[in-house]
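The values are calculated or read from the model by the stated rules, or taken from the named source; none is laboratory data. In this text the structure is predicted, and so the values were computed from the model without any measurement. Here the Cβ positions follow ideal geometry from the backbone for every residue, glycine too, while neighbour counts run over all protein chains shown. When the accessible area is computed, the model is the full protein with side chains, heavy atoms only, and any ligands, DNA or RNA have been set aside. Shrake-Rupley method; radii C 1.70, N 1.55, O 1.52, S 1.80 Å.
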Amino acid sequence: MPMSEAKRQANKKWNDANMKERYDRIQLVVPKGKKELIQICAKGQGESVNGLINRLIDAELERMERDS
């Protein structure tokens, strides 16, 4: 479903006020074709690409913490 202009403006206002203070950004570069596979995987899990990547990173960090 398309996002209304009012919702788009509300999201932009929130992002402008909060993103830089609350989040760090990481640019991720993947080989051609892998982006589509990641998107398919995320959709299959019912989450965004960002959510999928964060979940996988959290799981790996937790595993590393347990193993050390």
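Figures for the structure shown
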{"item": "Condition check for Ala59: touching a helix residue (DSSP H, G or I) at 6+ places or on another chain (Cβ under 6 Å) and outside any loop (DSSP other than H, G, I, E, B)", "result": "no"}
{"item": "Search result, residues across the range 1-29 that are exposed (fewer than 10 other Cβ atoms within 10 Å of the Cβ) and of a type in the set (D, E, K, R)", "result": "Glu5, Asp16, Glu21, Arg22, Asp24, Arg25"}
{"item": "Residue in the range 9-21 that is in a loop (DSSP other than H, G, I, E, B) and without any contact (Cβ under 8 Å) to a residue 60 or more places away in the chain present", "result": "no"}
{"item": "The range 30-52, subset assigned to a helix (DSSP H, G or I) and touching a helix residue (DSSP H, G or I) at 6+ places or on another chain (Cβ under 8 Å), residue most open to solvent (accessible area, probe 1.4 Å)", "result": "Gln45"}
{"item": "The one condition in (1) in contact (Cβ under 8 Å) with a residue 24 or more places away in the chain; (2) over 17 Å from the mean Cα position of the chain (by Cα) that Leu28 fails to fulfil", "result": "(2)"}
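Let's see how each residue does on (1) modelled with pLDDT under 95; (2) at negative phi:
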| residue | (1), (2) |
| --- | --- |
| Asp24 | yes, yes |
| Val30 | no, yes |
| Gln39 | no, yes |
| Gly46 | no, no |
| Ile57 | no, yes |
